[in-house]
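The structure under discussion appears below in the form of structure tokens.
Values quoted throughout were computed directly from the atomic coordinates according to the rules given, and no laboratory measurement underlies them. The structure displayed is predicted, hence computed values, not measured ones. Glycine also receives a Cβ, built like all others from the backbone with ideal geometry; neighbour counts cover every protein chain displayed.
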């Protein structure tokens with residue numbers, strides 16, 4: 001069974017999906033129309049952890065992610081999940097750190113399909129020239145998340 005919760009974050013509505021073992025997805029939604037939550041422990045825990053993230057309290061997502069069948073994407077997501085709050089890196093740097101040098105374009109593809117928004121922080125990946133690069137959503141949301149994390153660092157929370 002798939003469970004879901006809806007969370008109104010500072011960047012808009014997020015849909016949190018989970019089964020009985022894993023977080024299955026965190027997705028951005030334009031709106032939510034009278035859709036009731038069908039929660040379980042995992043969706044409630046991620047809502048709590050998102051609250052902590054957006055209130056500058058803690059940046060620790062503890063719930064296991066649903067395994068990704070694509071080994072390359074799994075390597076990219078695991079590497080990215082271990083970056084620090086406020087750290088930005090290029091697609092090329094992420095490809096090197098994940099053990100796949102010269103795969104920057106493929107990294108972009110994997111990030112575009114990231115089902116775990118914020119938990120796997122694809123917003124931290126930018127172009128080598130320092131420009132924002134791509135984002136599956138509006139670049140304004142990517143910029144907002146990066147500015148949010150910079151504000152977090154300015155407050156001295158890590």
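Key figures
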| quantity | calculated |
| --- | --- |
| Inverse of mean 1/r across different Cα pairs in region 3-54, Kirkwood, Å | 11.0 Å |
| Those residues of region 127-158 whose amide nitrogen sits under 17 Å from the label point placed on residue 57, 7 Å along Cα→Cβ | 152, 157-158 |
| Folded to 0 to 90 degrees: helix 71-81 orientation relative to the chain principal axis, Cα | 80 degrees |
| Ranked 154, 43, criterion: other C-beta atoms within 10 Å, fewest first | 154, 43 |
| Coordinate range along principal axes, alpha carbons of region 71-154, Å, largest first | 33, 25, 22 |
| Length-normalised contact order of region 19-73 in % [C-alpha pairs under 8 Å, at least 6 apart] | 46 percent |
| Efficiency of FRET between residue 34 and residue 138 - r from beta-carbon atoms, R0 30 angstrom, step 0.05 | 0.75 |
| Fully extended contour minus Cα-Cα distance, from residue 13 to residue 88, at 0.36 nm per residue | 24.6 nm |
| The chain: calculated mean residue ellipticity at 222 nm from DSSP helix runs of at least 4, using -39500 (n - 2.57) | -11000 deg cm²/dmol |
| C-alpha long axis of helix 41-54 to longest principal axis of the chain, angle in ° | 60 degrees |
